[in-house]
Amino acid sequence: MGQSVYAQVMPLIGRELGFSVRLITTFVSISAFVFLLTTPFWGRMSDRKGRKSVLMIGFAGYIISSLLFVLVAYLGLVGVLLTSSLILSFLLARVLNSAVGAASRPAAGAYIADITTEEERSAGMGQYGAANNLGTIFAPIMVSFVAFLIANTEIFPSYLTPYGRLIPVVLMSFLSLLALLMVYLYLPETLEAGIEERKRERMSYDYKLLVFVGIGVLIFICFSSTMTVAAFYIQDKFNFSTLVTQERQGIAFGLLGIFSILVQLTYVQKTKIVPINFISISIPFFILGIIFIVISATFTFFVLGMSFLGIAMGLASPGYTATASLNAGSSNQGEAVGVAMVAPGLGFAIGPLMSGFLYEISPNLPYLICIPIFVVVFLLVLYIKRYI
């Protein structure tokens, strides 16, 4: 849920602070680049120190950095922080979130690998993806509900109304604290004591792995590109106010998550195929979703396009993660998932930066550029599947 909340809150807060589309997407790219650099480290750390401790570090980092983000945004909205000091403080909060919050992703993925057999790996990663997508459902619902309450009720004091965009981040910090406590109290460790001294297999970093990670990078470049500009696209194309945009964006993101989780809990769970084939199957849905978004004359068509993107990610994400896990030894699952997470890290570093520049040329360009990219992905999958 955490990053989904940021995806909806940051663009609108950024506009209220006077940031350009290009600057906001640059923030996203820089924080994603930090995520890219730190995720493999946390993956290796979870192989040595255990999944549970690294998960807890990730949650703690998210809580601290989110509260810092709220403080910086509040000081910017009330005029205490201006121009360069505001930009640098905003960037610091996002970098901290990525650097330490990144710990939870490889640790969680490796935990799933620890408790599943090779035959169960695709289904296990599908369930893991479904859990992530539950967050993409509930986060938009929470953000939209808060926006609705601010606009239509007096449940929040009037002096909080100008800062209502920040309330979902505060709520998410509280939920992360509850998750941290649950991990500490109830989650058993899956690695035996003495893992630091255990002889670990070395992963093979050959050109096939580079091609495979490249496939993931291209997928996440397009996904991050379309998601990052979604709020701007909705507001500009349909002439919605800020609060209405926040509500409608929540609906669109929520449906994306619903369709993604439905695919992962049904088709991915029941279909016994080589995991990388899920990526091939996802490509037509990606392209169809982009087409519906670009031709959308009404918000309904936009939502339909987002739903197709949800189906596509519901197929591609577990297919990608399961393939990476199955091509690693049992003693370096954390490293394998950490390497796999390079793709979303690099994708979210390049995609938002690219989409910010393209959006200022034409709002449709961040979407249209993805059609030829997905054709390339399909061809690369056909090539690499012979070796996996």
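A search for C-beta distances below 7 Å between a residue of segment 177-198 that is at pLDDT 75 or above and any residue that is in a loop (DSSP other than H, G, I, E, B) and not hydrophobic (A, V, I, L, M, F, W, C), counting only pairs 6+ apart in sequence or on different chains, returns GLU189/GLY50.
Residues are listed down the side, and each one gets a yes or a no for (1) β-branched (Val, Ile, Thr); (2) modelled with pLDDT under 75:
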site: VAL72; (1), (2): yes, no
site: SER85; (1), (2): no, no
site: ARG94; (1), (2): no, no
site: VAL100; (1), (2): yes, no
site: PRO106; (1), (2): no, no
site: ALA110; (1), (2): no, no
site: GLU118; (1), (2): no, yes
site: SER144; (1), (2): no, yes
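Evaluating PRO275 against the criteria (1) at pLDDT 80 or above; (2) assigned to a helix (DSSP H, G or I) leaves one unmet condition, (2).
For segment 39-93, the set of residues classified as of a type in the set (Lys, Arg) and crowded, with 22+ Cβ neighbours inside 10 Å consists of ARG51 only. Residue count for segment 274-325 satisfying the condition of being of a type in the set (S, T, N, Q), under 19 Å from ILE369 (Cβ atoms) and either surrounded by fewer than 24 Cβ atoms within 10 Å (Cβ to Cβ) or more than 18 Å from the chain's Cα centre (by Cα) (or both): 1.
Return yes when GLN249 is touching a Leu at 6+ places or on another chain (Cβ under 9 Å), within 25 Å of SER362 (Cβ to Cβ), polar (S, T, N, Q) and crowded, with 16+ Cβ neighbours inside 10 Å and no when it is not.
yes
Once segment 78-90 is narrowed to residues that are in contact (Cβ under 8 Å) with a residue 60 or more places away in the chain and in contact with a helix residue (DSSP H, G or I) (Cβ under 6 Å, 6 or more places away or on another chain), the residue that is farthest from SER176 (Cα to Cα) is LEU86. Here segment 4-38 is the region considered, the condition is being crowded, with 21+ Cβ neighbours inside 10 Å and without any contact (Cβ under 8 Å) to a residue 60 or more places away in the chain, and the residue that is farthest from GLY109 (Cα to Cα) is GLY14. The residues in segment 207-242 that are surrounded by fewer than 21 Cβ atoms within 10 Å (Cβ to Cβ) and among the small types (Gly, Ala, Ser) can be counted, and the count is 2.
For segment 120-141, indicate whether the set of residues that are crowded, with 23+ Cβ neighbours inside 10 Å, touching a helix residue (DSSP H, G or I) at 6+ places or on another chain (Cβ under 9 Å) and modelled with pLDDT of 75 or more is non-empty. There is no residue in segment 120-141 that is crowded, with 23+ Cβ neighbours inside 10 Å, touching a helix residue (DSSP H, G or I) at 6+ places or on another chain (Cβ under 9 Å) and modelled with pLDDT of 75 or more.
One residue stands out in segment 1-21 among those that are over 18 Å from ILE234 (Cβ atoms) and either hydrophobic (A, V, I, L, M, F, W, C) or in a helix (DSSP H, G or I) (or both): the one that is modelled with the highest pLDDT, namely LEU17. Remark: pairs (first residue in segment 40-58, within 10 Å of ALA110 (Cβ to Cβ); second residue among the aromatic types (Phe, Trp, Tyr); Cβ separation under 7 Å; 6+ apart in sequence or on different chains) = ARG51/TYR111; VAL54/TRP42. Of all residues in segment 239-265, those satisfying the criterion of being over 22 Å from the mean Cα position of the chain (by Cα) and under 26 Å from SER29 (Cβ atoms) are PHE240, THR242. Total residues in segment 361-388 satisfying the condition of being surrounded by 14 or more Cβ atoms within 10 Å (Cβ to Cβ) and in contact (Cβ under 8 Å) with a residue 40 or more places away in the chain: the figure is 17.
Pairs are defined by a Cβ separation below 9 Å, a sequence spacing of at least 6 or placement on different chains, a first member in segment 214-225 that is over 12 Å from ALA316 (Cβ atoms), and a second member that is aromatic (Phe, Trp, Tyr) and surrounded by 24 or more Cβ atoms within 10 Å (Cβ to Cβ); the pairs so defined are ILE221/PHE348; SER224/PHE348; SER225/TYR367. All told, GLU201 falls short of being under 30 Å from ILE112 (Cβ atoms), modelled with pLDDT under 70, part of a helix (DSSP H, G or I) and over 26 Å from the mean Cα position of the chain (by Cα).
The values are calculated or read from the model by the stated rules, or taken from the named source; none is laboratory data. For clarity, every value in this text was computed on a predicted model and none was experimentally measured. Reconstructed Cβ throughout: ideal geometry from the backbone, glycine too, with neighbour counts over all protein chains shown.
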